[in-house]
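Structure record follows, encoded as structure tokens.
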Amino acid sequence: MSVVDRNVIDIISIEGDESSKRIVLYISDHVNWDLETIGGHLSILQDKINDYLDFITSDQISEHYSKDQYRFIKIMILFSYPLPSDAVVFLNQAKEIIQEAGYELDWKFDPEHSD
């Protein structure tokens, strides 16, 4: 699974200790950041984040995990390629919106996840 696969959770896990136990929904972004396609890449990423938020807010998550198994929900994006500044701006804006909704968003450059 990857960022280009719509309506699919790439990876899901429970992490942390009892006081900070969270469900982490991972997005695997293996797409290169070509200068000509940054806008398209950001659009794909936004769609995938929105799919994850739909999964959370529609309570589909309860089909897999009961509320007593976690305290927080986090979306984590693993990027295979370094992020351009436009992507960082987008992610910071998305993070604020997602935090206002009561969830977490984080990301990291992880070249180990490249194809």
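The values are calculated or read from the model by the stated rules, or taken from the named source; none is laboratory data. Computed from a prediction, not measured in an experiment: that's the story for all the values here. Don't worry about glycine lacking a Cβ; one is built from the backbone with ideal geometry, like all the others, and counts go over all protein chains shown. Heavy atoms of the whole protein, side chains included, go into the accessibility calculation; ligands, DNA and RNA do not. Shrake-Rupley method; radii C 1.70, N 1.55, O 1.52, S 1.80 Å.
Summary table below
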| item | result |
| --- | --- |
| Restricting segment 13-25 to residues that are part of a strand (DSSP E or B) and either open to solvent by 60 Å² or more (accessible area, probe 1.4 Å) or not β-branched (Val, Ile, Thr) (or both), the residue that is nearest to residue 75 (Cα to Cα) | 25 |
| Residue in segment 36-54 that is loosely packed, with under 14 Cβ neighbours inside 10 Å, within 14 Å of the chain's Cα centre (by Cα) and of a type in the set (A, V, I, L, M, F, W, C) present | no |
| Residue match in segment 66-75 (condition: among the charged types (D, E, K, R) and at pLDDT 95 or above) | yes |
| Matching residues in segment 84-115 - criterion: being under 15 Å from residue 45 (Cβ atoms), touching a residue at least 24 places away in the same chain (Cβ under 8 Å) and crowded, with 18+ Cβ neighbours inside 10 Å | 87, 90, 94, 98, 105, 107 |
| Answer from 43, 28, 62 - the residue that is of a type outside the set (D, E, K, R) and part of a strand (DSSP E or B) | 28 |
| Pairs where the first residue, in segment 14-30, is closer than 15 Å to residue 4 by Cα and in contact (Cβ under 8 Å) with a residue 12 or more places away in the chain and the second is among the acidic types (Asp, Glu) and assigned to a loop (DSSP other than H, G, I, E, B), C-beta under 7 Å, 6+ apart | 26/10; 27/10; 28/10; 30/115 |
| Subset of segment 60-83 that is open to solvent by 70 Å² or more (accessible area, probe 1.4 Å) and either in contact with a helix residue (DSSP H, G or I) (Cβ under 6 Å, 6 or more places away or on another chain) or free of Cβ contacts under 8 Å to residues at least 40 places away in the same chain (or both) - its residue that is nearest to residue 49 (Cα to Cα) | 60 |
